Amino acid sequence: MALFMARAPADVVERRRLRSDDPAADPEVALMLRVQRGDETAFPELFRRLAPRVHQYIRRLVGHEARAEEVTQDVFVQIYRFRDRWRPERRLAAWVFTIATHLALNELRRPERQLRVDLWDDRRSAAAGGEGPSLADSRSTAPEERVAGRELLVALEAAVATLPPKQRAALLLSRVDGLAHRDVAAVLGSTEGAVKALLFRATQTLKDRLKDFL
Amino acid sequence: MRMRCATARRWMMDVVAAELPQRRAAALRSHLDVCPACREELRRTEALASALKALAAAPPIPPRVEAETLRRVQELQAQTAATPGGLRSWRWIAVGVPACAAAMLVLLVARGLEQGSVGARQARGLPSTAAPPTTDPPQPRTQRGARERPAASQLARQERPDRERVVAAPTTAARGPDVPDELLARPDLFVDLPLLTQMEKLEHFEAIVSVAPDPAEQPNG
């Protein structure tokens, strides 16, 4: 069984390398250190590297495209404003996602927020030729497999959007963005045991909702 | 010990993410060898994990988001450059104001505790530790063996630095009209007994004086 290989898969090795926050190994850490030293050319580059992941994470938490864009802006303004508070001994990804999670959850708590999952906006889909959001499916090659894979991903996105906010955040941080359990615990202000419990409940819910696809 | 299926299923996502310790992974493998239901559950878990990994592919950020974010950051940079000391002055304020507030709070608490202590002692009829006592400890014997007896007015004026309960000579305001001078002269012979009347104290005084030899009448040596 592939899961019990003696060595970890290549993508896990890559994630672990990026978790080290060694400036020599992680270009994002090197950019953050330059931002702290006052290099004004470093922040735009750091933004371009981090913003896609952060924006996607916020979009899945908040469930609304326009608000996700506003929150993403707020996150990076906060990163710049409090740039001196980050220390190299703390993982950069955990620090960034902590800010993103807090701002996104604050957005969810706003009373005037309209709870609408905006991922499959009909107008946008029509403008794009009815293909829906672009979701990569790296495993399939045959057309029918690609369709089946896309249907799974569409259903998965919808199922993730229905999870409670903390379960959703834990799942996205751990299984999508590749943070370690202790980093997810730091982001959520929780313990590793609590994070594992959140992940277990989230995956059980997803497996139930996607049993026709899995 | 045979593993329960509930335990095995709790560990499945961890083994997919390569975060399960080796010993547990070995125990899970042994369980899967004998449990077809859990093998199927693991297969579904793998499929879910693969699908979740596919969600990691993030589309590029909309250009307007980048433009607006960088504009706001440039505004911050301009504000920082315009302010003397920039953000550093805010740092001092952020540190100094809470520190001053904490110092004020400590002073207020200490003051409150001190006043509370004074009030509690006054309520129990005890002299305040901050107030100077009005009596002096017994004077040492002189070379002739006689103990000097300071006048009552002198006793009232003298101060005592220690914090023990002292026998206070009755002040003019506190004593009744019939307090004899002998009582005022020897407060060290009496304990503070608020229930005793002044006359009873005089009786006790005479009894103690009659028992204790007068050092002035003793022969030297």
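For peptide A:36-49, compute the average count of partner chain beta-carbon atoms within 10 Å of each residue's beta-carbon.
Mean partner-chain Cβ count within 10 Å for A:36-49: 2.
Compute the FRET efficiency between A:ASP212 and A:GLU65 as 1/(1 + (r/R0)^6), taking r as their Cβ-Cβ distance and R0 = 35 Å, and round to the nearest 0.05. Could you put the intermediate results ahead of the total?
Details: r = 28 Å, r/R0 = 0.79.
After rounding to 0.05, the efficiency reads 0.80.
Using a Förster distance of 35 Å, how high is the FRET efficiency between B:ALA101 and A:ARG110, based on the Cβ-Cβ distance and rounded to 0.05?
Working: r = 31 Å, r/R0 = 0.89.
Efficiency, rounded to the nearest 0.05: 0.65.
Kindly write out, for region B:36-45 in residue order, the coupling ³J(HN,Hα) from the Karplus curve 6.51 cos²θ - 1.76 cosθ + 1.60 (θ = phi - 60°), rounded to whole Hz, with x marking Gly and Pro.
Rounded to whole hertz, the list is x, 5, 6, 5, 5, 5, 5, 4, 5, 5.
For region B:99-108, just list the computed ³J(HN,Hα) in residue order, Karplus coefficients 6.51, -1.76 and 1.60, θ = phi - 60°, integers in Hz, with x standing in for Gly and Pro.
Using θ = phi - 60°, the values come out as 5, 5, 5, 5, 5, 4, 5, 5, 5, 5 Hz.
Between B:ASP33 and A:ALA197, how many nm apart are label points set 7 Å from Cα along the C-beta direction?
Between B:ASP33 and A:ALA197, the simple spin-label model gives 3.4 nm.
Once you compute Rg and the Kirkwood Rh from C-alpha atoms, what is the Rg to Rh ratio for region B:22-71? Can you show the working numbers first?
Details: Rg = 20.5 Å, Rh = 14.4 Å.
Taking Rg over the Kirkwood Rh, I get 1.42.
What's the whole-number percent of alpha carbon pairs in region A:37-110 lying beyond 21 angstrom? Mind showing how you got there, number by number?
On the way: 625 of 2701 pairs.
Summing the P(r) tail past 21 Å for region A:37-110 gives 23 percent.
Rule-based calculations on the coordinates, nothing more; no lab input. Keep in mind that this is a model prediction, so the values were computed, not measured. For neighbour counting, all protein chains shown are included, and Cβ atoms are generated from backbone atoms with ideal geometry for every residue, glycine included.
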